[in-house]
Amino acid sequence: MQVETRLSNRKSIPNQLSIFLALSFGIRHNPRLIMSTPRAFLLLILCFSGLPAIATAQSNPRTEKINQLCQKIDADVAGSEQEPEYSNIYLTELAVNRGNGSYPAVGIYRPVVKFFYTYGDREKNPYPNRLIKIVVAIDRSDRKEYAEYCFNEAEQMVFYLEKKDDIERRLYFVSERAIAFHQDNKPLSLRTKSQAAIIATVLREKANLVSIFRRSLEFE
């Protein structure tokens, strides 16, 4: 359904552009058209107002490619969890405070981190060592926090999802550099200090988690 919707949107763009250009041309050469055909003028406004949104939706194929990669990773991970003994995706789990002891001044504090990984270059390393996804879930006394990190074949982070304090953030990366920042499904600028600080924190936390994963591979 998503593919059909995207194709339908792409087909509608030339049609809307044609209507917009035709009406613009007619009004420019016959200004009385505005007064004599209010419906045409209304259609012109609707077409014009819809063009930025359509252009935005179609202007970033890199984020669409990242979404497709993450969907594939999610499907592969879900399959591995159903039949882990037959999967080539492996799971290392780190659970903090599994006994649910109460933390001073905090109460409930129970982080669980899941590292999903598979084979990389098997000529260099015959064992699975390529990180594909990290999931972090934290239970606190007053709230729950959730985060995902997705990686490409080069083990570069390409996507970050965070659900915290009733806010959802989605960050897209290429070569470890942020290219898009969405908060509650709204695109935000990458140039503000607050967004830059969030991106820097995400990269720092990612580096710390990857380091933990790398050290876990050293166990024999």
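Only the coordinates and a few stated rules stand behind these numbers; no lab work does. Because the structure is predicted, anything quoted here is derived from the model rather than measured. Methodologically, a virtual Cβ is constructed for each residue, glycine included, from the backbone with ideal geometry; neighbour enumeration extends over all protein chains shown.
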Restricted to the stretch 93-119, and to residues that are without any contact (Cβ under 8 Å) to a residue 24 or more places away in the chain and within 29 Å of the chain's Cα centre (by Cα), which residue is farthest from Glu218 (Cα to Cα)? Val96
Filter result (in contact with a Pro (Cβ under 8 Å, 6 or more places away or on another chain) and among the acidic types (Asp, Glu)) within the stretch 148-187: none
So which strands (runs of 3 or more DSSP E) are wholly in the stretch 107-220 and hold at least 2 residues that are surrounded by 14 or more Cβ atoms within 10 Å (Cβ to Cβ)? 109-118, 130-140, 144-151, 157-164, 167-174, 177-183
Candidate set from the stretch 120-148 (those that are of a type in the set (S, T, N, Q) and over 25 Å from the mean Cα position of the chain (by Cα)); member that is farthest from Val202 (Cα to Cα): Asn125
Going through the stretch 156-172 in order, the residues found to be touching a residue at least 40 places away in the same chain (Cβ under 8 Å) and farther than 15 Å from Val135 by Cβ are Val158, Tyr172
Within the stretch 77-106, which residues are farther than 19 Å from Glu148 by Cβ and assigned to a strand (DSSP E or B)? Tyr103
